[in-house]
Structures are given as structure tokens and as C-alpha cells.
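Q: Take this structure first; my questions come after.
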Amino acid sequence: MTESLDKPTVLIVDDLPDGIQVLNQILADEYRVLFATNGQTALTITREQKPQVILLDVMMPDMDGYQVCRELKANPETRNIPIIFITGKDQDEDEEMGFRIGAADYLTKPVRPTTVRVRVKNQLQLRRSEELILRQALYDGLTGLPNRSLAMDRLRYAILQEQREYTKTGLLFIDLDNFKTINDTLGHDAGDQVLVDAAKRLRQCIRKGDTVARLGGDEFVIILPRLKQVNDSIPVAEQILRSFTQPMPIAGMDYVISTSIGIAISPDDSNDYKQLLVNADTAMYQSKNAGRNNYHLFNEKMNQHVNRRMQMETHLHGALERGELLIYYQPIVDVLSNQVIGAEALLRWNSPQLGWVSPEAFIDIAEQTGLIGPIGAFVLEQGCRQFWNLRRADGRLLSLAVNVSPQQFRREDLTQQVKKVLQMTGMQPGNLKLEVTEGLLLGNQDCIKDALQTLHEMNIRLSMDDFGTGYSSLSYLRNFAFDLVKIDRSFIKEITQRPDDEALVTAAIAMAHGLGLEVIAEGVETQEQMALLTSKACDQIQGYLFAEPMPFDNFVTWLKEKESL
């Protein structure tokens, strides 16, 4: 049995048993031979067994050889299998017809054994050479998955088949969350490792007959043909989300790389393969914007979001030069004294075309387009200048917190940039606090550790932002020169209603204090939250309970009014 499976497979298709017997006697010693006595059976066997060569009789009832050939050539899965036509008619027009619809060779009955063996062997050799070329052209070299070209070919065919069978085709667009951070910080080898692991997991989530392909970068698609209803695509998406909850071992550490998935269905969302891909991509971005690690089915309202995102990207270019980007300040209050001890600089965008745009909407675009570098430098310099002018005007000694994105940190020599800003503005290092997210700390940790240590030695205070939402908070607090941690607003929002959130915040405060760090809670909106955080010995508070973010002049006025109370 094993020996038979090791042989190349040849399918003989002939409605006459005598014809099959003759060819079987010629080929059985060297090949694994399959038989079909009609066209429909031949199509089924070919789809299931994928023979290396097909010997196909032209003259058959119901479905002749030409029709079988057309069907096979229309299917991307069987298109490249060489077909040798066999006919009892020696007519030039018959040969011309056969070659025109895709035949690789032609034999005339009665066949000669030597000729049959040579023709089959030649086609196998050609097939092997073509497969090498096709593999390079149609498959991704890293993951072994079909590439964009082959995926689109299969999607076109699936949509064509659904119209014949009255079924639906599902298209899942899958993007790896935070892949860019991993790739940029741990290096391209680690990024490749993530992609290979992701491809393996995606393969395990599909049915026989489905296709998983890599479009490029960290983008994958899954094609689900022959669906009966729209919701048949959902179990696959849910299985993918579950599969990616398992950590990936990368560069000696375990990382959880989640996925954002968009789903579009043909013909419901479009029966054009290009538009279906666009729609699935649009739904994927909806999943990103909804917090990642989830899936969304496409609907027409999503196109409005895509158009707005494109408008934002267009208008963000030049927004800094046009004076549309503004710095707002939100006060930070000491819990014990109830005094304002500083403020966080928060970026706002007032676009003449788009109106006020929230930072949640445009910061991600700034990072993706590389605009975060000059924008971040503007916030740092402008904030330091305004706060030091405030100190010189009335003696107020307030700290300024400035967010530094991972991209800004990696692309710029941040330590030199900070030194230059301090010299230009007169701001004292001890009054500047830089807030970084855990994503910054991935990868080249020695280099990052040295940079953070240099900033720390300059007497600049360092805060870990969004504490509790990232990768490995405790180990980073131990290994890097932090002074403060900021507990993310997502844990503060329902701290008085959710015991789990209260327990997490209590543990975070105790852990930070145990490491000699101060704790800031952001997003405090109620007196109940304030009282609970005070009872937990939280050091500093920031949120709408005290004040919303405001322009610098309003902030100065607010300070004076607060003092007069």
C-alpha cells in the first residue's frame, strides 16, 4: 500500500472498460492508477485525489472530454494538472480544439505502449518543473501559504461556484495585533517566527476545501466556499481567536499575539472579489478600533469610517505646520494634600475640514505614517516652554508629564532631544516626567535600558503608562529605572462596582510601593472612586473629578481660581 502511494498518480478517464484496461496494463507497474468511466466521476476524483496526470478520452456520453477539461481548467485547484487527450479520431481540428482548451498532449487510438509511457513521463517532468516555478510565483516563501495572487484566483473561483450552487462564500481578513511592535523591537527574525506560527495556527482552524493565504506583512485571509448562511463563518473566526490566546515563544519569552478579524460574505456584501476583499479589510479595521482581539461582520456603515480615516490621514499631513495641533493640560492632584502638583500634556487636533478629532482616532495614524516624531517633539518643546514660563511668571513649581510613543523613542535619539529641549526652554529636569508604555520595552532591552537610565540620571522622572494592560509589567518595573506607574483608566472606571478591578488596583498599588514607586490613577470621575483610591494609599489622582483637559491659558486661570477658593 505504501509503495503504491509513493508512485505518481495517473487518472484514466474512459467510458469503455476495454480502453481503461489497455492503459492500465501499460502504466500499472510504474504508477498508481485511478479510473473513472464518466466525466462527473472524473471531476470528483480529481478534486479529491489530485492526480499528477490525466489520460482523458474525448468521446464520452453526457459529458465529453472537452467539457471535463474546461471544468478542470476553470478550477484553480486542478488547473495545472496536465491532461493528455485520447481519441479514436485523427482530425487536425480535434487536436486544435483540445490544445486550445488546455490539453497538454494528444494520443490517437490504438495507443502504442512505448508512446504512452514516454508521453506520461514527459508530462510528469514538465509538471515538476512547472510546480517549482508556480510555487515561487503563487506561494509565500516564508509560511508556505498561498500568496495574494493565488488567493484572489481562488476567491474568484469560489464566487463563480457559489452562483452555480446557490451557496455563499465567506472571506475572513485577519491582522495580527501589535505585530509591528514585535517586529520593530525584537527584530525581523522574531517577526518571521510570529508569522510562521500564525500560519500554522490558521491552518488548524479551517475545513478541508478552505484556503488560508498570506497577503503580505501580517495580513492573512481565509476563504470559506460553499457556506449555507452568513453565520457559518462565525465559528471559524471564534476558533481563530481562541487559537491565538495561547502564548507564542519568541526570543526566549512568551507573548500573546491576538488577532483582529473582518468578515465579508458573497453575494451579500459583494459578488466582486476585489470589493469583497476591501469590505473584509474594512470590517477588520472596525475590529481594531473596537479594541482588537475580536471579529466584525461587514456592513455598509463601515465604509463611512474608512472614508473618514482616509480624510484624517490626508489632513494630518501639514496639520502641525498649519497650527491645528494644540496642547491641552489635565491637572494631577496629590491625594494627601489635595494640591495640584502637575499636569499631563495631551494633544488635540482642531481640523478646519474635520472639526475636533479625538487623539484616539489620529495618534494611531500619526504613528503609522511616521508623523509621530515631529508631533512628539512639538509637544515636548511647547509643553516645557509653557510650564517654565509659568514658573518664571509666578513661581509655580509644577511637574509636566509628556507621553513618548515607542516609534518616537526608537526613531529619534530621545536623550539628546530632551537635553536640547531643556537647554532651549530652561525647564528643570526634575519637573519633567516622561510616560512610556510597556510596548516600548520589548526587544532590544539593553539599548532601551541604557537610554532610560540616562534619562533617569538626568533627574527626569519616568512613568510606566497604562499599567496592567500590557505584556509583563512586574519584570519591567524590576529591570528598568521607573519612578512611577500610572494605573490605566479601564481599571478605575468600575472600581467601585467590580471586585476584580478593586483587587487588581489594590495589588498594583501594593506592588509598586513595594518597589519604591509612586502610583497615579487616571480616569477618576467620582468621589466614590476618589475615596476608595485614597483608602488604598494611591499617591496621585488625575481625571474629570478635578478638571477636564484645557488649553494652557485656561489651565493658568483654573489654577488661580482654585487657589482663591
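Q: Quick check on Leu132: is it assigned to a helix (DSSP H, G or I) and among the aliphatic types (A, V, I, L, M)? Break it down stepwise before answering.
A: Numbers: assigned to a helix (DSSP H, G or I): yes; among the aliphatic types (A, V, I, L, M): yes.
Yes, satisfied.
Q: Considering every residue within segment 250-260, establish whether at least one is surrounded by fewer than 18 Cβ atoms within 10 Å (Cβ to Cβ), in a strand (DSSP E or B) and at pLDDT below 90.
A: yes
Q: From (1) in a strand (DSSP E or B); (2) crowded, with 20+ Cβ neighbours inside 10 Å; (3) in contact with a Ser or Thr (Cβ under 9 Å, 6 or more places away or on another chain); (4) of a type outside the set (Lys, Arg), pick out the condition that doesn't hold for Cys384.
A: Every listed condition holds for Cys384 apart from (1).
Q: Also, I was wondering about something else. Starting from residues that are in a helix (DSSP H, G or I) and among the β-branched types (Val, Ile, Thr), keep the ones in segment 341-367 and report whichever is surrounded by the most Cβ atoms within 10 Å (Cβ to Cβ). Write out each step before concluding.
A: Step one: list which residues in segment 341-367 are in a helix (DSSP H, G or I), which gives 359-367.
Cutting the leftovers down to among the β-branched types (Val, Ile, Thr) gives us 363, 365.
Numbers: Ile363: 19, Ile365: 17.
The residue in question is Ile363.
Q: For segment 1-49, please list each of the helices (runs of 4 or more DSSP H) lying entirely inside it that holds at least 1 residues being modelled with pLDDT under 95 and either farther than 16 Å from Val111 by Cα or in the same structural domain as Lys208 (by TED's automatic domain parsing) (or both).
A: Numbers: elements: 2-6, 17-27, 39-49.
Ranges flagged: 2-6, 39-49.
Q: Looking at Thr87, Thr114, Thr9, Thr44, which one is free of Cβ contacts under 8 Å to residues at least 40 places away in the same chain, among the hydroxyl-bearing types (Ser, Thr, Tyr) and surrounded by 14 or more Cβ atoms within 10 Å (Cβ to Cβ)?
A: Numbers: Thr114 fails: surrounded by 14 or more Cβ atoms within 10 Å (Cβ to Cβ); Thr9 fails: free of Cβ contacts under 8 Å to residues at least 40 places away in the same chain; Thr44 fails: surrounded by 14 or more Cβ atoms within 10 Å (Cβ to Cβ).
Unique residue meeting the criteria: Thr87.
Q: Hey, another quick one. Under the condition of being surrounded by fewer than 14 Cβ atoms within 10 Å (Cβ to Cβ) and part of a loop (DSSP other than H, G, I, E, B), which residue from segment 220-249 is nearest to the chain's Cα centre (by Cα)?
A: Residue satisfying both the conditions and the ranking: Thr245.
Q: Another question, if that's okay. Mind checking whether some residue in segment 91-98 is under 41 Å from the mean Cα position of the chain (by Cα) and at negative phi? Please lay out each step first, then the result.
A: Of segment 91-98, the ones under 41 Å from the mean Cα position of the chain (by Cα) are none.
No, segment 91-98 contains no residue that is under 41 Å from the mean Cα position of the chain (by Cα) and at negative phi.
Q: Is at least one residue of segment 393-404 in a helix (DSSP H, G or I), in contact with a Lys or Arg (Cβ under 8 Å, 6 or more places away or on another chain), under 27 Å from Phe555 (Cβ atoms) and modelled with pLDDT under 90?
A: Filtering segment 393-404 for residues in a helix (DSSP H, G or I) gives 393-394.
Remaining after also requiring in contact with a Lys or Arg (Cβ under 8 Å, 6 or more places away or on another chain): none.
No, segment 393-404 has no match at all.
Q: Kindly provide the set of residues from segment 163-198 that are under 17 Å from Val230 (Cβ atoms), over 16 Å from the mean Cα position of the chain (by Cα) and surrounded by 19 or more Cβ atoms within 10 Å (Cβ to Cβ), ordered by number.
A: Lys168, Thr169, Gly170, listed by residue number.
Q: Something else: Out of Gln52, Gln67, report the one residue that is free of Cβ contacts under 8 Å to residues at least 40 places away in the same chain, closer than 30 Å to Arg135 by Cβ and not charged (D, E, K, R). Please lay out each step first, then the result.
A: Numbers: Gln52 fails: free of Cβ contacts under 8 Å to residues at least 40 places away in the same chain.
That would be Gln67, the only listed residue that is free of Cβ contacts under 8 Å to residues at least 40 places away in the same chain, closer than 30 Å to Arg135 by Cβ and not charged (D, E, K, R).
Q: Hey, another quick one. Among the residues of segment 57-73, are any surrounded by 20 or more Cβ atoms within 10 Å (Cβ to Cβ) and in a strand (DSSP E or B)? Give the derivation first.
A: Quick first cut of segment 57-73, residues surrounded by 20 or more Cβ atoms within 10 Å (Cβ to Cβ) only: 57-58, 60, 65-66, 68-69, 72.
Retained after the next criterion (residues that are in a strand (DSSP E or B)): 57.
Yes - at least one qualifying residue is present in segment 57-73.
Conditions (1) crowded, with 17+ Cβ neighbours inside 10 Å; (2) out of contact with any helix residue (DSSP H, G or I) (no Cβ under 6 Å at 6 or more places or on another chain); (3) at pLDDT 95 or above; (4) of a type in the set (D, E, K, R), marked per residue:
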| position | (1), (2), (3), (4) |
| --- | --- |
| Met312 | yes, no, no, no |
| Glu324 | yes, yes, yes, yes |
| Gln330 | yes, yes, yes, no |
| Gln339 | no, yes, no, no |
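Q: Among (1) of a type in the set (Phe, Trp, Tyr); (2) assigned to a loop (DSSP other than H, G, I, E, B); (3) farther than 13 Å from Val333 by Cβ, where does Phe546 come up short?
A: If we test Phe546 against (1) of a type in the set (Phe, Trp, Tyr); (2) assigned to a loop (DSSP other than H, G, I, E, B); (3) farther than 13 Å from Val333 by Cβ, just (3) comes out false.
The values are calculated or read from the model by the stated rules, or taken from the named source; none is laboratory data. What you see is a predicted model, and the numbers here were worked out from it, not measured in a lab. Counting neighbours? That spans all protein chains shown, and the Cβs are built from the backbone with ideal geometry, glycine included.
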